[in-house]
Structures are given as C-alpha cells and as structure tokens.
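Novice: The structure that follows is given in the form of structure tokens.
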Amino acid sequence: MNHLVAPSLLAADFANLQRDIEMVNRSQADWFHLDIMDGVFVPNISFGMPVIKAISRHATKPLDVHLMIVDPDRYLETFHALGAAVITAHYEACTHLHRTIQKIRSLGIKAGVVLNPHTPVTVLEDILTEVDMVLIMSVNPGFGAQSFIENSYTKIRRLKQMILAKHAKVLIEVDGGVDLSNAAKLVEAGVDVLVAGNTVFSSKDPIHTISRLKQLL
C-alpha cells in the first residue's frame, strides 16, 4: 500500500520514551506524529520544546508536528528548528490561515491545516491548492483513546473529491480512533496518512501492529 503510518507519541510510555522511539525507528512506520497541546485551544497539556528536542535526538523518521495551540504563528520557526518536517495548524486557531501556511512553507517544510470534527471541508475551498496536507480530526482534539466519529468517512470522501477537482497534490491525514478495524476503510475513502496512538502503544507487539496498519492485514 502507498499510505503512510504515523504513530502518535502522545500514547507512548513517557517513562520509557527513548525505548518507544527506537521501536518506531525499527518498525515500518513512516513518520512520528507529535501532538502539541497548550491547555487553551484544547483542554489538555501534552509536551513542549524540551521533549521535542529529546525526541529529535533519537528519531530517525520525519516529525509530523500537530499544533493544537492558540496563535501557532508564534512558534513555527521554533518547531522547525527542533526538527519538524511537517507542521499542521488548526483552521479554528488561525486568524490568517493563508499567512500561516505561507510561513510554514517558507521554512522549507510541509504545511498542513487541521479541521475539527464540526468544521466542514468546504472552508478549505480557497486554500486547498496552497497546502501540502489536510488533517481530519476523527475525534474531538485533546485526548487519546477516544471513539472514532463515523461521519469522518463522509468528510474524507468530500475532501478527496475537492482535491481531485482542483488537481491538487494534497495528502489526507486522519487522527483519532484509528485502529485495525477501520484502517482499510479509511484508506479506501481516500486517506494517505494514518495516525495511530493507543492502537500501537497499547499493543503487545507494536511493531507487528504497525506492520498490519501499513499492509492493512
């Protein structure tokens, strides 16, 4: 399969973070997904710059940095300096989304926009050709191990139609409730990047679980 798998380190064992990073390095995973939460935009706080710096010392695969924070523009250069290969910012958090996307791309990395479950894909009509990726949240952002929102399939299909109509080169990423029971259906709907946290890190054999997500076995 051509889709990518990005284990979310939010679900890793923070007391054994280097161990879990090295596991992902050895696996068939393509990216590390890093959820940055500020306790304001979402009702939770995850980790910040010192932890990302530590992650980047050990990670051998690209860092996919998902900013769930207010005023993300203030920190774009910092996250780039820490090793981000992809930065996604929320539509709902950006007053001037086009400016934010331009800034990320000017750093020489991939720029993405994130949509919360209640936000329709139609809001991206005028910016879709400017982004490298759209992240569809299939749970309400802020916490891991939530149940998948079934309407996400419809959003993904609509977004895929918009991308094809505009002949845009845009990846579709999905985050929230992704597991072995829905991964194949998500890829069939048009997803290019599967983010999986609890499914991977709560597995007795996470490397095998990543392989199954990659091969859709």
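Novice: When you check ARG212 against the structure, is it within 19 Å of ILE127 (Cα to Cα), of a type in the set (Lys, Arg) and at pLDDT 95 or above, yes or no?
Specialist: Against the criterion (within 19 Å of ILE127 (Cα to Cα), of a type in the set (Lys, Arg) and at pLDDT 95 or above), ARG212 does not qualify.
Novice: Hey, another quick one. Which ones in region 106-159 are of a type in the set (D, E, K, R) and over 20 Å from ILE36 (Cα atoms)?
Specialist: Once the filter is applied, which keeps residues that are of a type in the set (D, E, K, R) and over 20 Å from ILE36 (Cα atoms), region 106-159 yields GLU125, ASP126, GLU130, GLU150, LYS155, ARG157, ARG158.
Novice: Looking only at region 3-29, filter to residues that are out of contact with any strand residue (DSSP E or B) (no Cβ under 9 Å at 6 or more places or on another chain) and in a loop (DSSP other than H, G, I, E, B); which one of those is farthest from PRO141 (Cα to Cα)?
Specialist: Among residues in region 3-29 that are out of contact with any strand residue (DSSP E or B) (no Cβ under 9 Å at 6 or more places or on another chain) and in a loop (DSSP other than H, G, I, E, B), the one farthest from PRO141 (Cα to Cα) is ASP13.
Novice: Right, something else. Could you tell me which of the residues ALA111, ALA84, ALA89, ALA93 is farther than 30 Å from SER211 by Cβ, within 14 Å of the chain's Cα centre (by Cα) and surrounded by 17 or more Cβ atoms within 10 Å (Cβ to Cβ)?
Specialist: ALA89 is the lone residue from the list that is farther than 30 Å from SER211 by Cβ, within 14 Å of the chain's Cα centre (by Cα) and surrounded by 17 or more Cβ atoms within 10 Å (Cβ to Cβ).
Novice: Are there any pairs with C-beta distances below 7 angstrom linking a residue in region 1-23 that is over 15 Å from SER56 (Cβ atoms) to a residue that is assigned to a helix (DSSP H, G or I) and of a type in the set (Lys, Arg), with the two at least 6 apart or on different chains, and if so which?
Specialist: Filtered contacts from region 1-23: MET1/LYS214; VAL5/LYS214.
Novice: When you check THR154 against the structure, is it polar (S, T, N, Q), surrounded by fewer than 17 Cβ atoms within 10 Å (Cβ to Cβ) and closer than 21 Å to LYS61 by Cα, yes or no?
Specialist: For THR154, the condition - polar (S, T, N, Q), surrounded by fewer than 17 Cβ atoms within 10 Å (Cβ to Cβ) and closer than 21 Å to LYS61 by Cα - is not met.
Novice: Does at least one position in region 104-114 carry a residue that is hydrophobic (A, V, I, L, M, F, W, C) and touching a residue at least 40 places away in the same chain (Cβ under 8 Å)?
Specialist: yes
Novice: Here's something else I'd like to know. If you scan region 134-179, which residues turn out to be outside any loop (DSSP other than H, G, I, E, B), aliphatic (A, V, I, L, M) and closer than 21 Å to VAL42 by Cα?
Specialist: Correct list: VAL134, LEU135, ILE136, MET137, VAL174.
Novice: Another question, then. Where the second residue is among the β-branched types (Val, Ile, Thr) and part of a loop (DSSP other than H, G, I, E, B) and the first is within 15 Å of ILE172 (Cβ to Cβ) and lies in region 118-142, which pairs have Cβ atoms under 7 Å and are six or more apart or on separate chains?
Specialist: Short answer, once both residue conditions are applied: LEU128/VAL170; VAL131/VAL170; ASP132/VAL170; MET133/VAL170; VAL134/VAL170; SER138/ILE149.
Novice: Still on this structure, please answer the following. Filtering region 183-217 down to residues that are in contact with a strand residue (DSSP E or B) (Cβ under 9 Å, 6 or more places away or on another chain) and part of a loop (DSSP other than H, G, I, E, B), which residue is surrounded by the fewest Cβ atoms within 10 Å (Cβ to Cβ)?
Specialist: ASP192
The values are calculated or read from the model by the stated rules, or taken from the named source; none is laboratory data. All values reported here derive from a predicted model rather than from experimental measurement. Cβ: placed from backbone, ideal geometry, glycine included. Neighbour counts: every protein chain shown.
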